[in-house]
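The values are calculated or read from the model by the stated rules, or taken from the named source; none is laboratory data. Please read all numbers here as calculations on a predicted model, not as lab measurements. In this analysis, Cβ positions are derived from the backbone assuming ideal geometry, glycine residues included, and neighbour counts consider all displayed protein chains. Remember, those area values only see protein heavy atoms, side chains included, never the ligands or the DNA or RNA. Shrake-Rupley method; radii C 1.70, N 1.55, O 1.52, S 1.80 Å.
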Amino acid sequence: MDRLVTIMARLRDPVGGCEWDCAQNFATIAPYTIEEAYEVADAIARGDMAELKDELGDLLLQVVFHSRMAEEAGLFALPDVAAAISDKMERRHPHIFGDVAEGGHYLWEQIKSEERAAKGETSTLDGVAIGLPALLRAEKLQKRAARTGFDWPDAAGPRTKVIEEIAEIDAATIDQREEEVGDLLFSVVNWARHLGVDPEAALRVANAKFEARFKAMETDAGDGFADLDLDKKEALWQAVKRRAG
């Protein structure tokens, strides 16, 4: 870790450092941080442990990068980051590190609620990061609301809502479509949550499946795929689906 911190400091040296690294700030690095987190998730999904090791290193570099920029600004440094998360984990596990007899998810949520209150957050929905992927943020907002009892009793409610939202899209004007499609996506996330399905993970699987099948279509068709009419493309698609089982 000390070696990595030293490398980052050298890269950020305004005299002899890397021009690109020196030009970065929190905002320009943030997209890379998000990207690296997804690459970690991708390596896990593929079961590639060698790749996971590399991707975790890339993600760790992001933490070191942000910490170095904060240190240069006199805000905090990497040891402060490590101390803060250590304090938080001990505080949220008083049954392990303190004198509370029993723990569990309820205690964890209670402590998090107390932390939000200490920050001045008054709404149940406060603290759900705006920068989260939209599907993930929708799910988190819904889970927060559900803690107050504002939730469907079962999956039938959100399923009906999905059907209603589709009808509203059909009736919407051009200017209304974006909002109505957003309502539909939010409802689908709610339905997935009630079915016990992680919508973000489910969409990743669907993306991977579509990508694999589309590439197989291109391979079957050869160089002339783009010139085929839609009926022939559909026939190729169905053939690939049959092969995939």
query: Got at least one residue in region 217-240 being in contact (Cβ under 8 Å) with a residue 24 or more places away in the chain and closer than 21 Å to Ala134 by Cα?
result: no
field: Enumeration of residues in region 82-106 that are at pLDDT 75 or above and more than 22 Å from Val63 (Cβ to Cβ)
entry: Pro94, His95, Ile96, Phe97, Gly98, Asp99, Val100
- prompt: What pairs can you find where one residue is in region 11-39 and over 15 Å from Glu55 (Cα atoms), the other is aliphatic (A, V, I, L, M), and their Cβ atoms are less than 6 Å apart, with a gap of 6+ or different chains?
  reply: Gly17/Leu11; Cys18/Leu11; Asp21/Leu11
query: When only residues in region 133-173 that are open to solvent by 50 Å² or more (accessible area, probe 1.4 Å) and assigned to a loop (DSSP other than H, G, I, E, B) count, which is nearest to Glu109 (Cα to Cα)?
result: Thr148
- prompt: Which number in (1) without any contact (Cβ under 8 Å) to a residue 60 or more places away in the chain; (2) out of contact with any Phe, Trp or Tyr (no Cβ under 6 Å at 6 or more places or on another chain); (3) over 21 Å from Leu4 (Cα atoms) marks the one condition that Glu90 misses?
  reply: (2)
message: Within region 80-95, does at least one residue satisfy the condition of being exposed (fewer than 12 other Cβ atoms within 10 Å of the Cβ) and outside any helix (DSSP H, G or I)?
response: no
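Okay, residues lined up against (1) closer than 22 Å to Val40 by Cβ; (2) outside any helix (DSSP H, G or I):
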site	(1), (2)
Gly196	no, yes
Ala201	yes, no
Ala216	no, no
Gly222	no, no
Lys233	no, no
